[in-house]
Every structure is written in C-alpha cells, then in structure tokens.
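Below is one structure, written out as structure tokens; the observations come after it.
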Amino acid sequence: QVRLVESGGGLVQPGGSLRLSCKATGINFKLYSMDWYRQAPGKQREWVATISHGSNDNYADSVKGRFAISRDNIRRTVSLQMNSLKPEDTAVYFCGTNYSSRPFWGQGTQVTVSS
C-alpha cells in the first residue's frame with residue numbers, strides 16, 4: 001500500500017526558511033516522479049514543484065528561485081527546501097505521486113509564515 005508521510009512544517013517569520021520532508025513507502029520510489037502541492041485556506045490545491053525519477057526539477061513561477069526540491073532514493077524521501085518565505089506561502093503542503101495511474105497524497109503539513 002502506498003503511503004506518503006510529510007513532516008517539517010511549522011511557524012516561521014517572513015524571510016525565514018523551512019525544510020519539508022516526505023517519506024514514501026509501498027512503491028519502488030526511485031522509479032517515480034514526486035510532487036509537492038499546497039493548499040491555502042479557501043483556495044484550490046496548487047502545484048509547487050516536481051522532481052523526476054532522474055532528478056530533473058520544475059517549479060511554479062511563484063516559488064522559482066526560492067524553493068528547491070530534492071530526493072534521496074536510498075531513504076525514499078523527497079524534500080522541499082523553502083527559503084525567503086512570504087506570508088502568501090502559508091498553506092498546507094502535500095507531497096504526491098502517481099502510482100498505477102492513480103494520484104496518492106500524504107496527509108499534509110502546515111506551513112505558516114507570519115510575524
């Protein structure tokens with residue numbers, strides 16, 4: 001069974017940094033692209049970043065240059081390093097993947113950027 005568990009969220013001041021992690025079990029992790037999405041209160045879930053099985057990365061324009069996605073295939077973990085955080089980055093952050101043509105998500109981790 002596919003399971004994704006995020007960690008690392010919290011409260012941070014504007015301009016600060018956080019590092020999110022997502023541990024995957026139940027899949028041959030190294031074969032799959034991994035995504036980070038986020039959902040702010042009252043808004044739809046939006047894509048943040050993707051890292052391919054070959055470690056090619058892509059970012060939403062809103063986070064480009066501030067966020068960095070990485071993966072550790074041995075630990076089966078995908079991470080999101082978030083720098084220069086802004087209040088508008090406040091959201092629940094989810095990691096996800098597509099497995100057997102189905103999307104799978106973790107439970108999410110809250111990131112709050114506020115002074």
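What do you reckon, how do D61, D72 stack up by accessible area (1.4 Å probe), largest on top?
Working: D61 130, D72 45 Å².
So the residues, ranked largest to smallest area, are D61, D72.
For q values of 0.19 Å⁻¹, compute log₁₀ I(q)/I(0) with the Debye formula on a Cα-only model of the chain, without solvent.
So the normalised log intensities are -0.94.
The values are calculated or read from the model by the stated rules, or taken from the named source; none is laboratory data. Just so we're clear, the structure is a prediction, and the values are computed from it rather than from any experiment. Heads up: the accessible areas ignore ligands, DNA and RNA and are worked out on the full protein's heavy atoms, side chains in. Shrake-Rupley method; radii C 1.70, N 1.55, O 1.52, S 1.80 Å.
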